[in-house]
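Note sheet for the following structure.
The values are calculated or read from the model by the stated rules, or taken from the named source; none is laboratory data. None of the values given here were measured: they were computed from a predicted structure. Backbone-built Cβ (ideal geometry, glycine too); neighbour counts: all protein chains shown. Quick note on the areas: whole protein, heavy atoms, side chains included, nothing else; ligands and nucleic acids left out. Shrake-Rupley method; radii C 1.70, N 1.55, O 1.52, S 1.80 Å.
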Amino acid sequence: MPRRRDEPVRLTRIYTRGGDAGETSLGDGSRVSKLDARIAAYGTVDEVSSCLGLVMAGECPEDVRAVLARVQNELFDLGADLSVPLEREGRLRVTQEQVDALETDCDRVNAGLPELRSFVLPGGTEAAARLHLARTVCRRAEREALAAAREHELDPLALVYLNRLSDLLFVLARHANAEAGRDEPLWRPGASR
């Protein structure tokens, strides 16, 4: 029975043995080494999604949870974008609207936060610490995607999305601390001397 349009995959078996020799398939079916920079990029995007799942598995503000649930789905869109060569038309790609939504969320949440007067150290509440972890993994995903873009033509909006997402995760971490009434841990230059 053919897949429905709203059924992105149908997995009847989890292992295929197709990758046992160090190769995997891109989204268009072409085979590449598992060391291909695109595999590293969308693999790290998957790590970001897992980090967001960890945030949502714990206690976090409901407005943060709603944003993260949307972003987690968009990260699969982003992974799909990175996994299909750009010359393949008609495939799922990151959109400007998705980037705009990240910016809108960032501006909305940031408007309620106090002005920064120092660098913020990861920590405070558990949700904030987990959001900071997700932010750093997102930055790594962006670097991996930039490295992949040096070797392969990639959707420029995929790179913009990752850059904007890391900004949003920073703001959401600050918001999580503010909502809980926790002071943000701030960098105090030379304080350990």
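Summary table
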item: LEU133, sole failed condition from (1) part of a helix (DSSP H, G or I); (2) aliphatic (A, V, I, L, M); (3) open to solvent by less than 50 Å² (accessible area, probe 1.4 Å); result: (3)
item: Residues that are surrounded by 16 or more Cβ atoms within 10 Å (Cβ to Cβ) and closer than 29 Å to ASP81 by Cβ, drawn from the range 99-127; result: VAL99, ALA101, LEU102, ASP105, CYS106, VAL109, ASN110, PRO122, ALA127
item: In the range 98-145, residue modelled with the lowest pLDDT [restricted to those that are basic (Lys, Arg) and more than 17 Å from VAL71 (Cβ to Cβ)]; result: ARG117
item: Selection count where residues are of a type in the set (Ser, Thr, Tyr) and without any contact (Cβ under 8 Å) to a residue 24 or more places away in the chain, scope the range 164-193; result: 1
item: Scope the range 84-113; condition farther than 22 Å from ALA145 by Cβ and either aromatic (Phe, Trp, Tyr) or in contact (Cβ under 8 Å) with a residue 60 or more places away in the chain (or both); matching residues; result: VAL109, ASN110, GLY112, LEU113
item: Among residues of the range 85-111, those that are among the β-branched types (Val, Ile, Thr) and under 15 Å from LEU159 (Cα atoms), counted; result: 3
item: Subset of the range 145-157 [over 21 Å from GLU89 (Cα atoms) and either surrounded by fewer than 11 Cβ atoms within 10 Å (Cβ to Cβ) or in contact with a Leu (Cβ under 9 Å, 6 or more places away or on another chain) (or both)]; result: LEU146
item: Filter pass, SER192 being open to solvent by less than 40 Å² (accessible area, probe 1.4 Å), among the polar types (S, T, N, Q) and either closer than 15 Å to TYR42 by Cα or in a loop (DSSP other than H, G, I, E, B) (or both); result: no
